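A.B. asks: A single structure is presented below for examination.
The values are calculated or read from the model by the stated rules, or taken from the named source; none is laboratory data. None of these values were measured; they are calculated from a predicted model. As a convention, Cβ positions derive from the backbone with ideal geometry for all residues, glycine included, and neighbour counts pool all protein chains shown.
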Amino acid sequence: MVPAETRPGDPNQAIYAAWRAESARLVGALTRMTRDVSLAEDLAQDALVAALEQWPATRIPDNPVAWLMTTAKRRAIDHFRRADSLRRKVAELEHARGRQEETMPDVGSQVDYIEDDVLRLIFLSCHPTLTPESRAALTLRLVGGLTTAEIARGFLATESTMGQRISRAKKTLSEAHAEFELPTGPERTERLDDVMAVIYLIFNEGYTATTGEEWMRPDLANEAIRLARMLAALAPDEPEVLGLQALLEIQGSRMPARLDEDGAPVLLEAQDRNLWDQLLIRRGMAALEKAGQLTARGTPVGRYFLQASIAAQHARAVRAEDTNWCRIAELYDVLARAAPGPVVEVNRAVAYGRAYGPGAGLAVLEEVDGDSLGGSPLVPSVRGDLLERAGLQAQARDAFIEAASRTANAGERTILQRRADRNRSRGSDSDVPPQPTKA
């Protein structure tokens with residue numbers, strides 16, 4: 001297994017970086033050859049162990065993925081020979097090794113069959129027989145190259161629990177006889193939606209953690225951004241995939257400004273925008289522009305493209321007060337038609353409150369069924385914000401207290417309690433802007 005952490009100067013650090021960059025290609029190609037994702041991962045791990053043993057004493061090869069692939073194929077041949085039941089598979093693998101060993105592409109090249117293997121692996125990780133939580137864990141494991149310990153830490157689970165979840169997911173795929181082929185037609189569209197939903201779930205959990213003491217888990221958020229980039233490279237003509245990449249890049253750009261020097265959460269409007277990552281913003285804007293060109297040809301806009309368009313409005317505003325809230329409200333109207341749901345309506349209430357006054361926002365919020373969001377703090381926190389802006393401090397205080405009692409995240413609870421206290425002690429409007437969801 002790759003060590004979860006490495007010290008600066010540790011030779012394993014370079015091996016770890018090579019593995020993280022190439023593991024999806026490696027496991028994908030081995031799955032295509034063996035038709036067994038569990039075996040493919042075991043073979044890849046065996047190759048990794050060999051690299052950890054040999055590379056520090058020699059040097060990292062010019063083509064690490066070719067070295068790993070060759071080693072894994074040799075392990076596969078040994079496995080099938082020992083099994084003594086799949087001689088044909090041995091011949092296929094030996095033939096494949098002879099044909100591909102010297103032509104394995106350098107890192108970053110775009111050879112179709114390798115990229116197709118990665119795309120197949122992403123779709124396999126998001127098979128409909130799996131639960132969303134299992135899809136996320138398996139995607140991080142097989143496509144992201146994360147260790148079980150890293151995934152467990154990201155989702156605040158024990159390593160043994162996460163290991164069992166991943167093992168059950170692979171067993172489920174085996175029992176379902178899941179095919180390692182790209183789906184076609186409506187099934188491909190449905191599965192692509194599942195893939196994007198899993199990447200978005202991973203990002204959201206990293207951007208604003210559901211539970212725990214930390215408000216953010218940057219490693220998870222950054223891994224989701226990497227997966228979104230990978231998916232966009234593999235499906236460059238899908239505007240929603242580009243929209244997802246744009247959304248995560250632009251939102252991710254704010255992470256350096258989301259905590260103050262004491263580690264306390266900082267809401268969007270109070271952030272120092274000079275700390276926003278301009279490279280991520282440029283990447284996001286470029287992806288959004290490309291998606292816009294595709295939609296201009298008649299492709300319908302979707303939820304990720306529209307959310308990215310909203311995030312772009314914030315990124316374009318040099319100061320918080322420059323934000324074009326009327327345009328954001330218009331985009332939420334479109335989003336409400338394209339992807340209706342209670343979370344969209346809550347966000348639309350915030351946008352209306354900022355664009356047209358707190359009364360307009362409260363009118364939109366009044367139509368939201370609070371029970372549809374379960375025990376989420378979202379509705380009472382937004383209600384508190386709008387009431388505060390309307391000058392109704394006592395009601396705002398009660399709403400913030402209710403929201404604080406619902407959240408399982410310590411950072412979010414601190415913010416909500418602070419706002420409740422402020423409305424208890426003040427008799428005038430607060431100048432803190434509404435924060436419906438993740439800033």
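A.B. asks: For segment 338-346, indicate whether the set of residues that are over 24 Å from Ile415 (Cα atoms), without any contact (Cβ under 8 Å) to a residue 24 or more places away in the chain and loosely packed, with under 15 Cβ neighbours inside 10 Å is non-empty.
C.D. replies: Keep residues of segment 338-346 that are over 24 Å from Ile415 (Cα atoms), which gives 338-341.
Filter once more, so that each one left must be without any contact (Cβ under 8 Å) to a residue 24 or more places away in the chain: 340-341.
Within this subset, residues satisfying the condition of being loosely packed, with under 15 Cβ neighbours inside 10 Å are 340-341.
Among the residues of segment 338-346, at least one is over 24 Å from Ile415 (Cα atoms), without any contact (Cβ under 8 Å) to a residue 24 or more places away in the chain and loosely packed, with under 15 Cβ neighbours inside 10 Å, which makes the answer yes.
A.B. asks: Then there is this: Looking only at segment 347-369, how many residues end up being exposed (fewer than 15 other Cβ atoms within 10 Å of the Cβ), touching a residue at least 24 places away in the same chain (Cβ under 8 Å) and assigned to a helix (DSSP H, G or I)?
C.D. replies: The total comes to 1.
A.B. asks: Another question, if that's okay. Does Ala57 qualify as being more than 20 Å from Leu121 (Cα to Cα), at pLDDT 80 or above and not in a helix (DSSP H, G or I)? Spell out the reasoning first.
C.D. replies: Values: more than 20 Å from Leu121 (Cα to Cα): yes; at pLDDT 80 or above: yes; not in a helix (DSSP H, G or I): yes.
So Ala57 passes the test.
A.B. asks: When only residues in segment 136-166 that are touching a residue at least 60 places away in the same chain (Cβ under 8 Å) and aliphatic (A, V, I, L, M) count, which is farthest from Asp193 (Cα to Cα)?
C.D. replies: Among those residues, the one meeting the criterion is Ala149.
A.B. asks: Okay, next question. Which numbered condition trips up Ser85, out of (1) at pLDDT below 70; (2) over 28 Å from the mean Cα position of the chain (by Cα); (3) part of a helix (DSSP H, G or I)?
C.D. replies: Failed condition: (3).
A.B. asks: Among all residue pairs at least 6 apart or on different chains, which show Cβ distances below 8 Å where the first residue, located in segment 51-77, is free of Cβ contacts under 8 Å to residues at least 12 places away in the same chain and the second is surrounded by 15 or more Cβ atoms within 10 Å (Cβ to Cβ)?
C.D. replies: Pro61/Trp55; Pro61/Trp67
A.B. asks: If you scan segment 275-294, which residues turn out to be surrounded by fewer than 24 Cβ atoms within 10 Å (Cβ to Cβ) and either basic (Lys, Arg) or closer than 22 Å to Asp219 by Cα (or both)?
C.D. replies: Of everything in segment 275-294, those that are surrounded by fewer than 24 Cβ atoms within 10 Å (Cβ to Cβ) and either basic (Lys, Arg) or closer than 22 Å to Asp219 by Cα (or both) turn out to be Leu275, Trp276, Asp277, Gln278, Leu279, Leu280, Ile281, Arg282, Arg283, Lys290.
A.B. asks: Being within 11 Å of the chain's Cα centre (by Cα) and small (Gly, Ala, Ser) is the filter; apply it to segment 189-245 and report the residue that is nearest to Leu288 (Cα to Cα).
C.D. replies: Ala228
A.B. asks: May I ask you to list the residues in segment 167-186 that are among the charged types (D, E, K, R), in contact (Cβ under 8 Å) with a residue 24 or more places away in the chain and more than 18 Å from Gln45 (Cβ to Cβ)?
C.D. replies: Result: Arg168, Glu181.
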